[in-house]
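See below for the structure under consideration.
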Amino acid sequence: MKRLLSVFAVATAFTLAGQPAFSQEDPVKIALVHGLSGSTYEVYSKQLQTGFKMGLEYATDGTMKVKGHDIEIIEKDTQFKPDVARAVLAEAYGDDDALIAVGGTSSGVTKAMLPIAEEYEKILLIDGAVADSLTGPDSNRYVFKTSRNSSMDMEAQALALKPDDKLYVATLAQDYAFGKDGIAAFKKALEGTGATIVDEEYAPADTTDFTAAAERMFDALKDKDGRKVILIYWAGGGDPMGKIKGMEPERYGIEISTGGNILPALAAYKQVPGMEGAIYYYYENPKNEINDWLVAEHEKRFGSPPDFFTTAGMAASLAIVKALESTDDWSTDSLIAAMEGMTWDTPKGAMTFRPEDHQALQSMYHFKIKVDDNVDWAIPELVREIKPEEMDIPIGRNNQE
């Protein structure tokens, strides 16, 4: 009777923790929940998924097993629609019994997924979307984030611009969470430097004509006595930098600055040689064993170097394997305990999940654009690595509350 009670207690403990006990035959199910159709951001999602799978391969020495359990990947397409994202994430947790879900690509779509993780009491690991609000007051203890956030982008961008009391900036960003969080973070990063924001422009993500916004920024900047910069914070298509550059801002002494981007987008940066900014990743910048492997393997398999989001996907899978290896109990509560404060190695070097809001703290890279006619894209040549401790990244929420 005592043995039966003991078995019942163990089973009940796993049930209360939100996860069944794993037999040796059970696979570890991980859902990749990204937009794979319906947006120009599809290329980001495909890079994320490629990097994620390569990271699993690296972390498991090619076995695709963790502690003897096969890793099973379940792919879900959000179609870049919030309602679809909620539905497929619930399906992954409820019907497919995914232990952990990984996604998504668009900040606006990903924000809609946060309450689903809380409802099912399972981990959602954000690997691509950037907005600070994803680990903000509307987030919850089940959400972790390996992607950088808007504050990292903008703290690093501000450091690259070397702001002072003679710097005047006009900003252009997309009119949704990514753009608005980014500019809010940039304004905070400039506090106390003396730099002045003279105009903020927001445009729909599908905008292709930037004439009116550019003219307003020109008018706000052209008569200022000091350094004058248009900061562009944009993801996806539309080529705002190329189109604004075509309007000759230099006739007013106005510079353009922006953060790094994926390799195809970097082709447009050939128009701005010498431009300085900050980037999340460029394959030549980090010097470590994991990045060496990623670059060599990606070039061998795909004939091109890994891109901006490839390393983001790999960072996520490396985090998951580290967490699974560090605890024998794969209940949600045990995994959260293992991941809070966890440091692990990635192609960018070490990352650490901040316990308070589960944002991964990580380096950024100050670059200066170099043009080489033998390279299809402009090269964001490394000026220096910006370490996490150099950036004042706000805590989005307190997960201990």
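Miscellaneous remarks
- Charge tally in the Cβ shell below 12 Å around Lys368, where Lys, Arg are +1 and Asp, Glu are -1, Lys368 excluded: 0
- For the chain, accessible area per residue (1.4 Å probe, heavy atoms of protein chains only), Å²: 41
- The chain: angle of helix 211-221 to the longest principal axis, Cα-based, in degrees nearest 10: 70
- Long-range amide H partners of Ile256 with built H, under 5 Å: Ile230
- Peptides 104-112, 243-251 ordered by packing proxy, namely the average of other Cβ atoms within 10 Å per residue, highest first: 104-112, 243-251.
- Carbon + sulfur, % of accessible area of the chain - ligands and nucleic acids excluded, 1.4 Å: 49
- Within a Gaussian network of the chain (alpha carbon springs, distance under 10 Å), most fluctuating of Ala265, Ala189, Ala59: Ala265
- Relative contact order of segment 88-213, defined on C-alpha pairs under 8 angstrom at six or more residues apart (%): 20
- Only beta bridges with both residues in segment 18-169 are counted; by DSSP, about 10 percent of them are antiparallel.
- Among Pro273, Pro305, Pro204, the residue with the largest mean-square fluctuation in a Gaussian network model of the chain, with springs joining Cα atoms closer than 10 Å, is Pro204.
- Lysine pair count for segment 243-381 with Cα-Cα distance under 30 Å and sequence separation of 8 or more or different chains is 23.
- Helix 150-161 vs. the chain, principal-axis angle (Cα, 0 to 90°, nearest 10): 30
- Shape category assigned to segment 253-401 from the gyration tensor of Cα positions, a/c cut at 1.5: oblate
- Folded to 0 to 90 degrees: helix 42-59 orientation relative to the chain principal axis, Cα: 50
- Under a Gaussian network description of the chain, with springs only between Cα atoms under 10 Å, the residue in Glu42, Glu340, Glu389 that fluctuates furthest is Glu389.
- The helix-only estimate of mean residue ellipticity at 222 nm for the chain, built from DSSP H runs of length n ≥ 4 each weighted as -39500 (n - 2.57), is -11500 deg cm²/dmol after division by the residue total.
- Unit charges on C-beta of K, R, D, E only; dipole of the chain, Debye: 280
- Rounded to the nearest 20 debye, the dipole size of segment 156-299 about its Cα centre is 360 debye, using +1 on the Cβ of Lys and Arg and -1 on the Cβ of Asp and Glu.
The values are calculated or read from the model by the stated rules, or taken from the named source; none is laboratory data. Values in this document were obtained by computation on a predicted structure and should not be read as measured data. Glycine gets a Cβ as well: all are built from the backbone with ideal geometry, and neighbour counts include every protein chain shown. For the accessible areas, the whole protein counts, side chains as well, though only heavy atoms, and no ligand, DNA or RNA atoms are used. Shrake-Rupley method; radii C 1.70, N 1.55, O 1.52, S 1.80 Å.
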